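Written below as structure tokens is the structure these notes are about.
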Amino acid sequence: MALLKPIFFQLVLLALLHSSFAQECSSGECPVASSSQGLIQKAKTQRHNSTPVLEQTSSITAASAAEVQVQTAQSKTTAQSRKAAGAAAHKKAVKAAQDVQRSMQKTREDLKSKGTFKPAQQFCVMQDQLCFDMDLDPEWDERPVRDILDATDPELGVQLLRQEMDRSVSGLLHPKHEVKFNSSTVQLVITRAGEDVRWLDALPQLPTIVYNRAGPDRTLPKSRPNLQVIVQENVGREDQVMVQHIVTNYDSLSDVTVFLQGWPFGHCPGLLRSVRRSVSALLDNVKFAAMNSSAGMKPGLVPMTGTFWQYDVEAGKIGLGTNIALNHHLSSRDAWQFTKEQFTQVCEVTLGRKCPRTLWVAEGAQWAVSRERIQKTPKSVYEAGLALGEGWEDKFRGLVYEAIWPALWGEESWTPTQVSYVRETGQAVNRSRSSDGHCLSDWGRRTLLFSCSEQAEFCERDRMLGQSISETWEEDRKHKQVHESAPKMNASITLVIFGADTWMPNFPLGEKASENSTWRFKPHMVAEGGKLRAMRQFNASDAPVMWTMEKPNDDLFEVRYIYRTTQSGKRAYLGCNGHEAQLMPNPVKWYLEKHQDGYAALATVEEVTSLASTPPFPLPNVPAALKDAVDKVGGEPTYLSLPPTDHDGYFHCLPKEATREWMDATLFIKIADKYEPGI
């Protein structure tokens, strides 16, 4: 996405990385490495030093120090065992979910062959490492989804999921009734920053405004009388769209306004059913009572998400804001204090009064809210919030608004109900998920749900491997820069930094984070003198490299040549010169590793290392071809990464041991759309 990014990556950041990913130099000083080998050693040293250690003082005897070491080792072993068990359980759950989707596809095919398939709008999505078609039924259906995630027997759970799926795709649902609303009663307000919003065709009953800031027209919904598409400049974030809509329409708001992101399924996989139920409940007291306080709903207020975080402002435990600060500061204490001060200042302006100490946050800032609740806050307070601008990292005001919407709308101590609590809290003090089916998908999953347009490279890779089961991707891919004559594509490669807009290296002693820091980069790759570095924040001449990724004719699907074509027509290949990522004259084989949620890592054996102290393949997604290649040459593969010890932001080729829990090596590969400039 462009400047206007939804706060979608908070879920990825907090659920996958939490606080342990924000590494820091324990000494408070991280000088630039004088050589590539020195850089590796600095990165390895930093990684080992990131583990908290007991300060050595004269009062600690050798015996007590040894005891501490034993306890630390035991704690580490226990944590590793717990992590391994969690990974195994996750892998089993993903496999079960994939089985459900394949069963769904088989049911569709069987019904089509019998001529009894009831067509519904289909949408290509990616979830649980699989691209498949999601059915979006445009008929109004308010039935609650059976919550079968907590089935004690996993096999029984899969059977129940398959039964539910079979019923869904065959159209054997409860009778539906025709519903239609006018704009004075209900209005959907959508913030679009390039997302595929054709899913709105499945909600034709609801008057809708799409604030369209980026993206091709082909992924807009079909024209209809109750749909407005308002083109806007791509400035600000979704909080600006929400507040500006309120200010502009303050005296003529609908009875119920539903604020949603351009792709709302990430926070609410079962969005359609949840929106229908919530809108009906807010307009009908009987239906409201029947929802039984789902997700903490109050009269005139329902969150359109199934995940919630509790912040402690006084402690500086403020979710994504704290994580960004940890990435831009050396000290955790400084990060907490900085975030607390920033949050409090913005909160008091946007809320118009003293900021509460604790806040429960509905992830994603998606709400169905009544006109009466919006108007509990004077228009002047909304206007004051708009005047602040987005602030730190071009997103801090949005993070504050995400946390205070209930307080702004008359629920100062709002708390989610009908939830179960989750152990991982990251930079928050508590976390919970809906336990009664609110925002649950029809097939019973709550995990991140992406559009295939967003994760196009992953879906195309699955298609090449014969693993994709999506029929609609065959049509969608025609609009991407994917070559039909050869297995290759045009794409950009970006470091995934999980939530922050900019990447910063470790600071030298005395340097502080600021909006004007000279060590501030965008995560896009820029070519400079044959080397590759991150885009400087304040350098207008920097332009991202666009690559052609091509599968060699004689190799496996997971191998790529990656190159750009120079003005003279020659190919300059992505490669490694020692431990520096550079443009090379000859082809270099890169192996694609699958990371969670469609992301990837790029590894090569053209430049290998001999670090025998670490198992070379700690993750289950390492391609078999890469293992075979390493066996032939010995040593370990090197990964394209952006280490925080390089203050100039250059990409390197480093062994896994020199990366921070893959934080420096997880990449987003984005296939260019055909409407974008070619390469």
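Here is how the numbers come out for the structure above:
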read-out	value
Relative contact order, percent, the stretch 274-388 [alpha-carbon distance under 8 Å, six or more residues apart]	31 percent
Long pairs among Lys570/Lys656; Lys594/Lys670; Lys317/Lys395; Lys354/Lys379; Lys395/Lys522; Lys222/Lys674, criterion Cα-Cα beyond 24 Å	Lys570/Lys656
Most to least packed among 188-194, 262-268, 371-377, 100-106 [average Cβ atoms within 10 Å]	262-268, 188-194, 100-106, 371-377
Solvent exposure, largest accessible area first (probe 1.4 Å, DNA, RNA and ligands not counted), of His579, His647	His579, His647
Mean-position separation - Cα centroids, the stretch 422-464 and the stretch 213-238, in angstrom	25 Å
Length released on extending from Phe538 to Thr248, taking residue separation times 0.36 nm less the Cα-Cα span	101.1 nm
Förster-model FRET efficiency, 56 Å R0, Glu528 and Ala290, C-beta, rounded to 0.05	0.35
Global form of the stretch 220-296, assessed from the alpha-carbon gyration tensor, a/c cut-off 1.5	prolate
Neighbour net charge for Lys376 - beta-carbon separation under 11 angstrom, K R +1, D E -1	-1
Computed lengthening from Val422 to Glu348, 0.36 nm per intervening residue step minus Cα-Cα distance	23.7 nm
Exposure ranking of Ser332, Ser252 by accessible area [1.4 Å probe, largest first]	Ser252, Ser332
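The values are calculated or read from the model by the stated rules, or taken from the named source; none is laboratory data. None of the values given here were measured: they were computed from a predicted structure. When we count neighbours, we look across all protein chains shown, and the Cβ atoms used for this are built from the backbone with ideal geometry, even at glycine. All accessible areas refer to the heavy atoms of the entire protein, side chains included, with ligands and DNA or RNA removed. Shrake-Rupley method; radii C 1.70, N 1.55, O 1.52, S 1.80 Å.
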